[in-house]
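Enquirer: Could you have a look at this structure, given as structure tokens, before my questions?
The values are calculated or read from the model by the stated rules, or taken from the named source; none is laboratory data. Please read all numbers here as calculations on a predicted model, not as lab measurements. Using ideal geometry, Cβ is built from the backbone for each residue, glycine included, and neighbour counts are taken over all protein chains shown. Side chains included, ligands, DNA and RNA excluded: accessible areas come from the protein's heavy atoms. Shrake-Rupley method; radii C 1.70, N 1.55, O 1.52, S 1.80 Å.
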Amino acid sequence: MSIFSKSLLFRGVGGRHYSAAAQTQLREILGTQLAGIKDAGTFKAERIITSSQSTQITVQGSDKKILNFCANNYLGLANNPEIVEHSQKLLEQYGAGLSSVRFICGTQDIHKQLEKKIAQFHGREDTILYASCFDANAGIFEAILTPEDAVFSDELNHASIIDGIRLCKAKKQRYKHRDLGDLEEQLKASDARLKLIATDGVFSMDGNIAPLARIVKLARKYNALVFVDECHATGFFGATGRGTEEYDNVMGEVDIINSTLGKALGGASGGYTTGPAELISFLRQKSRPYLFSNTLPPAVVAVGLKVMDMLLQSSELTQRVQSNTQRFRQAMTKAGFTIAGENHPICPVMLGDARLASKFADEMLTRGIYVIGFSYPVVPQGKARIRVQISAAHTEAEIDRAINAFIEVGRSLKVIQ
Ligand code: PLP
């Protein structure tokens, strides 16, 4: 009797066969692993929001407004009425979507306008849009690097950079987190044709910053290129929101910037690479997530366009998120909490234990404050935390309410005295 006739066979969609025994086996394997994740206290439940993204939101199971401190909505633009109106307008004018990749029939004038505005914002030659920054990171390394080349990647880079690098054929070298001694040793020893240093501008789990000025200096010394992922910097970090290179006084010196439209810049979705014209042109020919995935829908492009106009005109929101950040960091440190990172609206309140972080977040929610505990595998074992994210849209009274709730819960759970 064949192996197939032993197990039950079904005819699925499209005439394919699947095996009930195999599916039972899959359920058992995954079920055991899920139970393990729950036992370890690292299971990530999703709270269901029933309002728009904002500093005040409602969640399923409660009609009370809660104060939100865990969105990447740094500039508070995710439900900005002007942006929503512009998005509605372009939705009507340009339709729901293009049903096409860019090079077949998926490029509208608004895609070109947005690419131009983003390049203008960053002071670069050109920009290529992607469906997400995950895609931008997945598409760049494989497209431009060959086995003759080498990529030097900070060990704590975002998962999408790690995955993007995995896909390429270049020599892959990892340097210790923000350790320029280690990076220099590796650059010195390399005889690669192209050398590319890849780093997050801001590391999203720790709120700490890449030493970009020193990285750029090393790059010049060893004839390397610098790639920076600015997802947690574009639009709000640095004096006018130009990101980490502005913060570290090396404006215009980074070779390649990847960033997202899905966080500070309206929070819809979309990502991009901005840099030298030849690079952008080449990515349009070779980058697989660009070539083989649908174009951004007009309503989403509209969000990016409106946000870019706002940011090119004023940096008021940038300044507001920076002063709110200072207020939170100073008061929490004074109260006895350990806040990781530097000067950034990502304020990780370090707790260590995964269950404690999860319990702390639940207690905060009973006080009307929405924060999330982060634990392994998103952060290293034993380094669980609550990642607070400050927005320009928070009022000072809202920031103070969160601080007071942290102090109350921190005392009751014996995190502070
Ligand atoms: N890079 C970093 C540093 C991120 O934090 C994220 C999102 O979590 C991404 C890339 C992916 O961005 P997107 O949501 O646009 O795919």
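Enquirer: Could you name the aspartates and glutamates whose alpha carbon sits less than 13 Å from that of K116, not counting residues in the same chain fewer than 8 places away?
Expert: Cross-link targets: E125, D126, D309.
Enquirer: Another question, if that's okay. Expressed as a whole percentage, what fraction of the accessible surface of the chain belongs to carbon and sulfur atoms when a 1.4 Å probe is rolled over the protein heavy atoms?
Expert: 52 percent
Enquirer: What whole-number distance in Å separates the alpha-carbon centres of the stretch 201-270 and the stretch 138-185?
Expert: Between the Cα centres of the stretch 201-270 and the stretch 138-185 lies a distance of 16 Å.
Enquirer: Turning to a different aspect of this structure: Whose amide H sits under 5 Å from the amide H of L225, counting only residues 5 or more places off or on another chain, with H placed in the peptide plane?
Expert: K195, L196, I197
Enquirer: Roughly how many debye, to the nearest 20, is the charge dipole of the stretch 81-313 about its Cα centre, given +1 on each Lys and Arg Cβ, -1 on each Asp and Glu Cβ, and no other charges?
Expert: Here the size comes out at about 420 debye.
Enquirer: Say we join alpha carbon atoms closer than 10 Å with springs in a Gaussian network model of the chain; which of I110, I256, I209 then has the biggest fluctuation?
Expert: Result: I110 has the largest fluctuation of those listed.
Enquirer: What residue among E278, E316, E46 shows peak mean-square fluctuation when the chain is described by a Gaussian network model with Cα springs under 10 Å?
Expert: Most flexible of the set in this elastic network: E46.
Enquirer: Sticking with this structure for a sec: Using a Cα-Cα cut-off of under 22 Å, which lysines could be cross-linked to K176, ignoring same-chain neighbours fewer than 8 residues away?
Expert: Within the straight-line limit of under 22 Å, K176 reaches these lysines: K188, K195, K217, K221, K383.
Enquirer: Let me ask something else. Search the structure for amide H atoms under 5 Å from the amide H of Y175, placed 1.01 Å from N in the peptide plane, and list their residues when 5 or more places away or on another chain.
Expert: S153, D154, E155
Enquirer: Enter the Cα centre distance for the pair the stretch 334-399 and the stretch 24-60, rounded to the nearest angstrom.
Expert: 18 Å
Enquirer: Taking trypsin sites (Lys or Arg not before Pro) that fall in a DSSP loop and have at most 10 other Cβ atoms within 10 Å as cut points, what is the longest piece of the chain between them?
Expert: The answer is 65-413.
Enquirer: With runs of 4+ DSSP H residues as the only contributors, calculate the mean residue ellipticity of the chain at 222 nm using -39,500 (n - 2.57) per run, divided by the residue total and rounded to the nearest 500.
Expert: Taking each H run of at least 4 residues, the total per residue is -13000 deg cm²/dmol.
Enquirer: Additional query: With springs only between Cα atoms under 10 Å apart, run a GNM on the chain and tell me which of G382, G31, G341 wobbles the most.
Expert: Ranking G382, G31, G341 by mean-square fluctuation puts G31 first.
Enquirer: Once the Cβ-Cβ distance between L34 and E253 is put in as r, and R0 is 45 Å, what FRET efficiency do you end up with, to the nearest 0.05?
Expert: About 0.45, to the nearest 0.05.
Enquirer: OK, next. In the stretch 209-261, what GluC sites (Glu not before Pro) fall in a loop by DSSP, with at most 16 other Cβ atoms inside 10 Å?
Expert: For GluC sites (Glu not before Pro) across the stretch 209-261 that sit outside H, G, I, E and B with at most 16 neighbouring Cβ atoms in 10 Å, the list reads E253.
Enquirer: I've got another one for you. Determine the per residue accessible area of the chain with all protein chains present and a 1.4 angstrom probe, expressed in square angstrom.
Expert: Roughly 48 Å² per residue, with all protein chains present.
Enquirer: Is there a quick way to get the dipole size of the chain? I mean about its Cα centre, with the Cβ of Lys and Arg at +1 and of Asp and Glu at -1; what is the value in debye to the nearest 20?
Expert: Approximately 980 debye in magnitude.
Enquirer: Filter the GluC sites (Glu not before Pro) in the stretch 85-122 down to the DSSP loop ones having no more than 11 other Cβ atoms within 10 Å, then list what survives.
Expert: When the GluC sites (Glu not before Pro) of the stretch 85-122 are filtered for loop state and at most 11 Cβ neighbours within 10 Å, nothing remains.
Enquirer: Can you tell me which lysines have their Cα less than 24 Å from the Cα of K117? Leave out same-chain residues fewer than eight positions away.
Expert: Output for K117: K89, K263, K286, K306.
Enquirer: From the phi angles alone, apply the Karplus equation (6.51, -1.76, 1.60; θ = phi - 60°) to the stretch 237-246 and give each ³J(HN,Hα) in whole Hz, x where the residue is Gly or Pro.
Expert: 10, x, 3, 10, x, 7, x, 5, 5, 6
Enquirer: Put +1 on the Cβ of every Lys and Arg and -1 on every Asp and Glu Cβ in the stretch 118-166; which of N157, A136, A119 then has its Cα farthest towards the positive end of the dipole?
Expert: Towards the positive end, the residue furthest out is A119.
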